[in-house]
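The values are calculated or read from the model by the stated rules, or taken from the named source; none is laboratory data. This is a predicted model, so every value here is computed, not measured. Cβ sites come from the backbone with ideal geometry, for glycine too, and all protein chains shown count toward neighbours. The area values use the complete protein model at the heavy-atom level, side chains included, leaving out ligands, DNA and RNA. Shrake-Rupley method; radii C 1.70, N 1.55, O 1.52, S 1.80 Å.
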Amino acid sequence: MRSKKEKDFFQFLAKGNSEMHEFEVADQDYEGRKDANEIVTKGLMKMEPKFRIILTMRMLQGYSTKETAEILDLPLGTVLSRLSRAQEQLKGILNKLS
């Protein structure tokens, strides 16, 4: 069973327009989950580091926006804008990979 953070992350990846679609990654067999993880990892590695670190901290490691800003010594607004750009960047990358 996936954690809520992981489910939220995969929901984000599926978001199109204003709708939210949930991936059923947890119900896939081991190979399906492995493939999904590999695709997301490849997508993350293609991102600019300043965006990848914020997306990883917020969506995968579970830090709050405030904690992320404090750890990276960045203004809160910078973290929020980079997170938004990172999400859009990753969606674009993953669309090209699939």
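Of note:
- Residue count for segment 43-62 satisfying the condition of being open to solvent by 80 Å² or more (accessible area, probe 1.4 Å) and more than 19 Å from residue 91 (Cβ to Cβ): 1.
- Of residues in segment 31-77 being of a type in the set (Gly, Ala, Ser) and assigned to a helix (DSSP H, G or I), the one nearest to residue 96 (Cα to Cα): 43
- So residue 22, is it at pLDDT below 90 and among the charged types (D, E, K, R): yes
- The residue that is least open to solvent (accessible area, probe 1.4 Å), counting only those in segment 72-94 that are free of Cβ contacts under 8 Å to residues at least 12 places away in the same chain and hydrophobic (A, V, I, L, M, F, W, C), is 74.
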